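Shown next, in structure tokens, is the structure this report addresses.
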Amino acid sequence: MDRGIYLDNAATTPVRQEVQDTFDEVLSGTFGNASSIHTFGQDAKRVLEESRETVASRIGAQPDEVIFTSGGTESDNLAVRGAAYVLKDRGRHVITTAIEHPAVLNCCGALEREGFDVTYLPVDLECRVHPDWVLDAIRPDTILITVMFANNETGSVQPIEEIGGIARQKGVIFHTDAVQAVGKVPVDVDDLGVDLLSISAHKIYGPKGIGGLYVRKGTTLDPLVYGGHHEKNLRPGTENVPGIAAFARAIELATVELASVKEHLELLKERLANGIQERIDMVHRNGSRDSCLPNILNMSFSGVDGEALLLNLDLMGIAVSTGSACSSGATEPSHVLLAMGIEPLLAQASLRFSFGRENTEEEIDRVIEVLPDIVKRLRGLGDSRAVR
Ligand SMILES: *Cc1c(COP(=O)(O)O)cnc(C)c1O
């Protein structure tokens with residue numbers, strides 16, 4: 001079956017065969033409850049702990065510093081709310097950025113409604129936060145800094161190591177959402193100086209609904225859910241052992257292959273960016289060119305509605321994304337592009353192309369072939385809201 005051209009790998013990735021094999025094997029062969037004392041349980045426990053060792057080793061952590069969760073969203077919640085609640089008597093100020101994933105942004109919104117004070121740092125035109133802005137925002141009552149590693153819409157990579165140094169020097173807990181970064185750029189928790197780091201399996205060719213949170217030794221969190229003693233009391237519930245084993249396999253493969261895949265992804269990205277810029281006028285490339293993920297390209301097409309562009313590409317079998325969020329029926333421009341200072345109309349004229357290991361140069365050439373006509377046609381419709 002022709003599945004079309006999938007250029008939305010920042011939204012999710014197809015599960016790779018090796019990962020599916022691991023999942024199937026554990027799902028059928030190791031069904032025991034990892035908390036049971038008998039052999040069935042101990043078999044599951046062994047898979048669980050081996051998986052934990054694998055995940056830990058791929059990010060430079062110790063096995064007992066990895067907590068398995070249901071994915072990036074839960075990891076972000078556990079980190080941000082878990083740290084804020086446990087430290088609330090020391091202070092109620094949290095520092096984050098205006099470009100975070102909703103999983104962090106909406107946690108911060110919830111904290112604000114509960115009496116916390118949140119500073120949302122701006123970003124520059126390249127979608128980057130400056131470390132000195134973080135330093136300037138720190139107050140005596142600051143208890144947590146949460147800055148994403150790489151932005152999911154523009155691919156811009158943040159100066160995490162510098163911010164980690166500042167956080168450490170000031171004695172403030174530092175969380176980073178590394179969901180888009182893991183498997184794309186090297187991630188080592190000690191080099192970065194982070195205390196908490198979120199990962200999700202389905203962005204690295206693993207299954208959905210499984211992920212992890214790195215919790216540095218000595219960092220305490222309040223759990224969000226109460227139950228048994230699983231995952232060091234931080235995340236109770238019988239463990240999803242097949243998902244965890246598949247996650248471990250996925251992160252192992254993604255990090256081992258990182259360098260070779262990076263080259264392929266960058267080639268595809270530049271091929272598409274150049275092809276678009278050669279054939280279509282009034283296009284803008286958004287985000288940082290120097291400090292960015294190899295697999296995300298964000299471009300604005302003046303005078304075109306991004307959603308219309310997406311739907312027309314879909315008709316041609318090409319899957320991409322707009323950064324805009326759909327809230328109460330109306331699409332709103334991306335909060336990330338707005339934070340970069342891009343005008344709302346131009347922000348709504350944007351597309352995110354995100355590449356994966358299975359994409360080919362032929363697929364990119366197909367996009368370059370069909371996109372100019374679609375843009376021309378949509379511009380010809382003379383949308384009165386269009387910017388030119
Ligand atoms: C996808 C994503 C998440 C959410 O992860 P889920 O596993 O889908 O809950 C969080 N942060 C970023 C940056 C993401 O790209």
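Please treat every number below as a calculation from the coordinates, not as lab data. All of these numbers come straight from a predicted model, not from anything done at the bench. Ideal geometry is used to build each Cβ from the backbone, glycine not excepted, and the neighbour counts take in all protein chains shown.
Here are the numbers:
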{"item": "Cα-centre dipole for the chain with unit charges at Cβ (Lys and Arg positive, Asp and Glu negative), debye to 20", "result": "560 debye"}
{"item": "From phi via Karplus (6.51, -1.76, 1.60), per-residue ³J(HN,Hα) for the range 369-376 in Hz, x at Gly/Pro", "result": "6, 8, 5, x, 5, 5, 4, 4"}
{"item": "DSSP bridge pairs, the chain: antiparallel proportion in percent, nearest 5", "result": "55 percent"}
{"item": "Among Thr30, Gln169, Leu87 - extreme Cα towards positive end, dipole of the chain, charges at beta-carbon", "result": "Leu87"}
{"item": "Cα-based radius of gyration of the range 108-232 once divided by 2.2 N^0.38 Å, which approximates compact folds", "result": "1.10"}
{"item": "Calculated from backbone phi, Karplus (6.51, -1.76, 1.60) coupling profile of the range 189-204 in Hz, x at Gly/Pro", "result": "4, 6, 4, 7, x, 9, 9, 9, 8, 8, 9, 10, 6, 6, 8, 10"}
{"item": "Contour minus Cα-Cα distance for Thr39 and His130 (0.36 nm per residue)", "result": "27.5 nm"}
{"item": "Simple spin-label estimate for Asp190 and Val370 in nanometres, 7 Å along Cα-Cβ", "result": "4.9 nm"}
{"item": "Relative contact order for the range 17-256, counting Cα pairs under 8 Å that sit 6 or more residues apart, in percent", "result": "27 percent"}
{"item": "Rh (Kirkwood; distinct C-alpha pairs) - the chain, Å", "result": "21.7 Å"}
{"item": "³J(HN,Hα) computed for each position of the range 131-140 - Karplus, 6.51 cos²θ - 1.76 cosθ + 1.60, integer Hz, glycine/proline x", "result": "x, 5, 5, 5, 4, 5, 7, 5, 10, x"}
{"item": "Pairwise FRET efficiency - Arg289 versus Leu381, Cβ, R0 = 25 Å, nearest 0.05", "result": "0.20"}
{"item": "Coordinate range along principal axes, alpha carbons of the range 235-320, Å, largest first", "result": "53, 29, 24"}
{"item": "Using alpha-carbon coordinates, inclination of helix 306-315 to the longest axis of the chain, degrees", "result": "90 degrees"}
{"item": "Distance between the range 329-363 and the range 181-198 - C-alpha centres, whole angstrom", "result": "25 Å"}
{"item": "Folded to 0 to 90 degrees: helix 72-86 orientation relative to the chain principal axis, Cα", "result": "60 degrees"}
{"item": "Residues of the range 53-76 with amide N under 17 Å of a point placed 7 Å along Cα→Cβ from Lys208", "result": "70-75"}
{"item": "Angle between the chain longest axis and helix 241-256 axis [Cα atoms, degrees, rounded to 10]", "result": "60 degrees"}
{"item": "Sorted peptide list for 173-185, 17-29, 40-52, criterion being average Cβ within 10 angstrom, highest first", "result": "173-185, 40-52, 17-29"}
{"item": "Pair Asp89, Ala308: separation of 7 Å Cα→Cβ label points (nm)", "result": "5.9 nm"}
{"item": "Amide N proximity, the range 61-83 versus Thr12 label position 7 Å along Cα-to-Cβ, cut-off under 16 Å", "result": "70-74"}
{"item": "Per-peptide average of other Cβ atoms within 10 Å, ordering 85-96, 203-214, 186-197 highest first", "result": "203-214, 186-197, 85-96"}
{"item": "For Ser260, net neighbour charge (Lys/Arg +1, Asp/Glu -1) across residues whose Cβ lies under 15 Å away", "result": "-1"}
{"item": "Label-point gap, in nm, between Asp222 and Val256 - each point 7 angstrom along Cα→Cβ", "result": "4.2 nm"}
